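The values are calculated or read from the model by the stated rules, or taken from the named source; none is laboratory data. Since we're looking at a predicted model, the values are computed, not measured. Cβ coordinates were reconstructed from backbone atoms using ideal geometry, including for glycine residues, and neighbour counts include every protein chain displayed.
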Amino acid sequence: MEEPSGPEWRIHAAVGTILLINTVFLKQSFSGPWNSESFTLGLTGALSLGLFYVAWYRFRFRRRGLIPWVDLWENPSSSARKVLLSSFVVLSMAWISGNHLQDLLPSPTGLVLSLIGFLMLTQSVYVILSIGPLSDD
């Protein structure tokens, strides 16, 4: 699946940027089948983050896909520690946004950040265990 020059990632990044600008600054939306413009705007923001992830993955690993397998990592032990530390930062941001910044941010902000933080935590623990105590070597 690896392509010499890598798959096209700029389209995903451009569309993600346009959607994020609309979500954060322009706030143009429609009510959709759920009769809530703010829900549609939130979905647009989530879609933009997904497109940014796909663009990053294609740019970084020069292949199509969504899951950064451990064999794609250049230095798994160092990277796993960085992802672990980053997950604690994201989980701290989730706690702060859900408690102290609740009045300033949309209600599900803490929940979304918690989801992202726990996914990062799960991935880093998996990598640490797979190259450490649970390795085949």
query = Is at least one residue of region 24-35 more than 24 Å from Met120 (Cβ to Cβ), of a type in the set (Ser, Thr, Tyr) and not assigned by TED's automatic domain parsing to the domain that holds Ser135?
reply = yes
task = Out of Leu66, Leu49, Leu26, Leu20, report the one residue that is without any contact (Cβ under 8 Å) to a residue 24 or more places away in the chain and under 18 Å from the mean Cα position of the chain (by Cα).
result = Leu66
Hits in region 77-119 - residues which are in contact (Cβ under 8 Å) with a residue 40 or more places away in the chain and within 22 Å of Phe39 (Cβ to Cβ) = Pro106, Pro108, Val112
